[in-house]
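See structure below.
Computed from the coordinates by the stated procedures, all read-outs in this text should not be read as laboratory data. Keep in mind it's a predicted model, so treat the numbers as computed, not measured. Note that we place each Cβ from the backbone using ideal geometry, even for glycine, and neighbour counts take in every protein chain shown.
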Amino acid sequence: MQRKEAAFYLVQRFYFCIHHVVQRKCSMAITKVWLDETENECTMCGACEAVADSVFSVPEKMVVKKNVDFSKFETEIKEAAEGCPVATIAFEVDGSGKRDNKY
Ligand code: SF4
């Protein structure tokens, strides 16, 4: 009987952990976006603004607009970051304090 209870407990814990990981992964939110010129410089091509003009503006080098709710534009931000020819668009997820995108 004790073995059955222990096995049940382990299965329950395993399910809880998987559920927690999946839920966390699904609820990851972009909390910061910035121009990251540590490796390359913004070429001022304007591609990011074309993809997400609610978030980016390119008067000269790209600037992230103020008071933007990034959660409303996550798809566009990711698309702009992926499409940036020099990978200078950085974003942070869930307040990690670091650049979380590689491209
Ligand atoms: S897509 Fe990249 S290089 Fe082009 S303006 Fe935006 S940040 Fe600069």
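Every residue in segment 54-67 that is under 16 Å from Lys32 (Cα atoms), surrounded by 12 or more Cβ atoms within 10 Å (Cβ to Cβ) and without any contact (Cβ under 8 Å) to a residue 24 or more places away in the chain, please.
Ser54, Ser57, Lys65
Could you grab me the full set of residues in segment 28-51 that are in contact with an Asp or Glu (Cβ under 7 Å, 6 or more places away or on another chain) and within 10 Å of the ligand (Cβ to nearest atom)?
Residues of segment 28-51 that are in contact with an Asp or Glu (Cβ under 7 Å, 6 or more places away or on another chain), as a first pass: 28-32, 44, 51.
Listed by number, the residues that qualify are Met44, Val51.
Is there a residue in segment 30-52 that is among the hydroxyl-bearing types (Ser, Thr, Tyr), over 17 Å from Tyr103 (Cα atoms) and not in a strand (DSSP E or B)?
No, the conditions are met nowhere in segment 30-52.
In segment 75-89, which residues are away from the ligand (no atom under 11 Å from the Cβ) and surrounded by 16 or more Cβ atoms within 10 Å (Cβ to Cβ)?
Here is the first cut: in segment 75-89, the residues away from the ligand (no atom under 11 Å from the Cβ) are 75-78.
Answer for segment 75-89, where residues must be away from the ligand (no atom under 11 Å from the Cβ) and surrounded by 16 or more Cβ atoms within 10 Å (Cβ to Cβ): Glu76, Ile77, Lys78.
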